[in-house]
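Nothing in this text is a laboratory measurement; each read-out follows from the coordinates by a stated rule. Small disclaimer: the values here were computed from a predicted structure and weren't measured.
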Amino acid sequence: MDYYYAFVSSLSRNMSSVAGGGGGGALLTAVLPLLKLLSMTLIGLILAHPRTQIVPKSTFRLLSKLVFALFLPCLIFTHLGPSISHTNILQWWFIPVNVLLSTGLGFLLGYLVALICRPPPEYFRFTIVMTAFGNTGNLPLAIVSSLCHNMENPFGPQCYGSGVAYVSFSQWVSVILVYTVVYHMMEPPLEYYDVVETEDEDGNRTEIEIEESELPGNELSRPLLVEAEWPGMEDKETENCKTPFIARLFKGISGLSQASIPDPDSLEHGLGGGRPSSPKSIMCLAEPKVVRKIRTVAEKTPIRHILQPPTIASVLAIFIGLIPKLKGICFGTDAPLSFITDSFDILAGAMVPSAMLILGGMLAEGPNESKLGVRTTIGIIVARLLVLPLIGIGVISLADRWNFLIAGDQLYKFVLLLQFTTPSAILLGAIGSLRGYAMSEASALLFWQHVFAVFSISLYIFIFLKLLLSYS
């Protein structure tokens, strides 16, 4: 336990000026930021509630598009760009690693939840995904922004800019995970598709095609929750996105339809003798089946969707920040293009209130019907909101003991701890809608998680700040 107390001691370094507030001061500091966010969320809930309908659902959809395409990129660009440097990017290496660690540990927790709570078989992978992948985007940005809003915050005058930069630097890892690992783990189960035999036009060859059965949540209208962090979901659907493509590919169903899984060899064969017509076809013939299947999966992974406005803003901010001349042109009071970055900064101020209004609009829709089961739902909420943050304290304390973290930077460690504390990513609901799998269950689970997160996040922010304020 010595390393744990050493971590606590390092967190509280340079905090003696705030320590006089005692436990009451820590409680107030922890609760006030959440009360601010809750107030904005309640306003959104009242505006969007079915009984009032002061603001229509279409307006919230438009607002979510503005957050996604304008406000959030402006916030990332104006705060990550000035903060990034060659030195900082080397010091911040543990931020993306921490995202991978929190996801991996959440994956193990989700697997335990699935074994203990025994959800319906079709939701086994869904249980793991919803436990493993937390919200590393809008919600942490909102919490850090609210906590750093006052000049008397416990992290000093650079709290807001540095905190936003830390959170923004982690987002690209989360986006890659969502569009690769999560996309394929949210694939509809093969057991919920019917296998039927068909014949081709000549009647000489029998193929087996897989037709979609009725999946849970397919008939639901798309809730606001689905498009909160990924507007324009309907434009991202592809030919095989709602089918168990990987399960069909690797389970080796004989005679699979060539229309659904294209054979590279067939594209190079002639119509007559079937002999390869080019050296490329000879290479394809020699390619092992496993390699071909992996290549097919890679081609069907929507990796191109990673380049969304927030990701582009992150890449652009890092690129400009690493080149001193470009950085001097764009950022700073005397920069020639400071009027542009100042305009972006003004727009960025609308991000947090807009995101909270959208969250209130989502909660106003209420939970959808779910076949996940009460026991599994409670298991995911407890694992994600209560158990994982405790594990996070151990991980960050161990990392601090091994000198992986920035010495004396309490805000840096607070953001790392916060990555273990947030509810499941709202983007998981969008992936569920895209894959046609467990959309209703995702909507209901995210609703209840965000309701209970008000209390769990307040509790853990209090614990984090209590550690900061109680030891010197």
If amide hydrogens are placed 1.01 Å from N in the peptide plane, which non-local residues have theirs closer than 5 Å to the one on Gly134? Ala425
Taking 0.36 nm per residue of separation and subtracting the Cα-Cα distance, what length does fully extending Thr180 through Ile340 add? 54.1 nm
Rounded to the nearest Å, the spacing of the alpha-carbon centers of region 79-95 and region 416-437 is 26 Å
Here D for region 376-472, in µm²/s, from Stokes-Einstein with a Kirkwood Rh over Cα pairs at 4 °C and 1.567 mPa s, works out to 87 µm²/s
